[in-house]
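Asker: First the structure, then my questions, so here it is.
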Amino acid sequence: MKATSACPCEPAHLARVQRRLWMRLLPWLRYYQCEKCHKYQLAKPLTVDNARAIAASERAGVRPAS
Ligand SMILES: [Zn+2]
C-alpha cells in the first residue's frame, strides 16, 4: 500500500492525525503525518514514541564540547 508506506525521515518527526475509518481494521497502527515531508503514513505508536524519546534525550543531553 504505497499511500501508507513510511517516508525516509526520522520517526520523531511524525505527528498524530485523525485516522480514516478503514484504519479501525488496523488497531495496532496509528496514522501520522511527517512534519518534514508532509507524507501521511501508518506507524506503530511504540516506534514513534521511542524515536521521540531518543531525540529528546539527545537534545537534552549530549552537547558538543567547547
Ligand atoms: Zn518525512
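Asker: Report, to the nearest 10°, how far helix 45-60 tilts away from the longest principal axis of the Cα atoms in the chain, using its own Cα long axis and a range of 0 to 90°.
Answerer: It is inclined by approximately 20 degrees.
Asker: Using amide H atoms built 1.01 Å from N in the peptide plane, name the residues 5+ places from L14, or on other chains, whose amide H lies under 5 Å from its own.
Answerer: Those qualifying (amide H under 5 Å, at least 5 residues apart or on another chain) are E35.
Readers should treat all values here as calculations from the given coordinates under stated rules, not as data from a laboratory. All of these numbers come straight from a predicted model, not from anything done at the bench.
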